[in-house]
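The values are calculated or read from the model by the stated rules, or taken from the named source; none is laboratory data. What you are looking at is a predicted structure, and each value in this text was computed from that prediction instead of being measured. In this analysis, Cβ positions are derived from the backbone assuming ideal geometry, glycine residues included, and neighbour counts consider all displayed protein chains. Note: areas computed on protein heavy atoms with side chains; ligands, DNA, RNA excluded. Shrake-Rupley method; radii C 1.70, N 1.55, O 1.52, S 1.80 Å.
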Amino acid sequence: TSIYIYILQSQFSNKIHSAKMEQTFIMIKPDGVQRGLVGEIIGRFEKKGFTLKGLKLVTVDRAFAEKHYADLSAKPFFNGLVEYIVSGPVVAMVWEGKNVVATGRKIIGATNPAESAPGTIRGDYAIDIGRNVIHGSDAVESGRKEIALWFPEGIAEWRSSLHSWIYE
Ligand code: ADP
């Protein structure tokens, strides 16, 4: 009986945890890669307690960058933005955790580094809006789309054994 109760309890707590779990698409842009910020940026998400579910270094072409930023196609900076994203390899990642979309945006900081708070990635490592080092999904739904676009092959299925040391 105690084994059965244990199984029930662990299934119950798994359900509670997974219900609150989100995924976000994070990309270290070409300037972040060129400037050697990959380890620093990954470290911030890792130390926070989020789980890395997908990771690759890729150089994308114009058509792909235009797809990723399709919502911004009418903006005057769109062409420059696409040129920036295709200018070198980027690190594409999927991070998972409770509220990871909103918290990830806080870790990243405001779009314009002139307004990003010190302590955020853009606040600490960027100056110009067109060289702001990192991208993070702005909502769960856009995250889902971006993950499908960047990781059509799928992402890793694993759960950190530190889970119960990070979540109550
Ligand atoms: P975020 O990346 O913070 O979600 P947006 O989706 O509004 O911000 O814009 C996407 C990216 O386009 C920004 O991260 C930045 O690199 C670039 N960008 C946004 N606004 C400007 C601008 N006014 N001039 C140049 N580049 C911009």
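A few comments on the model shown:
- As for segment 21-38, it holds at least one residue that is more than 16 Å from the ligand (Cβ to nearest atom) and in a helix (DSSP H, G or I).
- Only one of the listed residues (72, 57) is more than 18 Å from the chain's Cα centre (by Cα) and at pLDDT 95 or above. That residue is 72.
- Scanning segment 58-75 for residues that are open to solvent by 70 Å² or more (accessible area, probe 1.4 Å), outside any helix (DSSP H, G or I) and more than 10 Å from the ligand (Cβ to nearest atom) yields 59, 61, 73, 74.
- Odd one out for residue 24 among (1) closer than 16 Å to residue 133 by Cα; (2) surrounded by 20 or more Cβ atoms within 10 Å (Cβ to Cβ): (1)
- Test: residue 136 is closer than 18 Å to residue 91 by Cα, at pLDDT 95 or above and away from the ligand (no atom under 11 Å from the Cβ): no
Let's see how each residue does on (1) surrounded by fewer than 21 Cβ atoms within 10 Å (Cβ to Cβ); (2) on the phi < 0 side of the Ramachandran plot:
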{"site": "94", "(1), (2)": "no, yes"}
{"site": "108", "(1), (2)": "no, yes"}
{"site": "111", "(1), (2)": "yes, yes"}
{"site": "119", "(1), (2)": "yes, no"}
{"site": "130", "(1), (2)": "yes, yes"}
{"site": "142", "(1), (2)": "yes, yes"}
{"site": "146", "(1), (2)": "no, yes"}
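- When 131, 144 are checked against the criterion of being within 12 Å of the ligand (Cβ to nearest atom) and either within 19 Å of residue 40 (Cα to Cα) or under 17 Å from the mean Cα position of the chain (by Cα) (or both), a single residue qualifies: 131.
- Residue satisfying condition, being in contact (Cβ under 8 Å) with a residue 24 or more places away in the chain, assigned to a loop (DSSP other than H, G, I, E, B) and open to solvent by less than 70 Å² (accessible area, probe 1.4 Å), within set 104, 80, 88: 88
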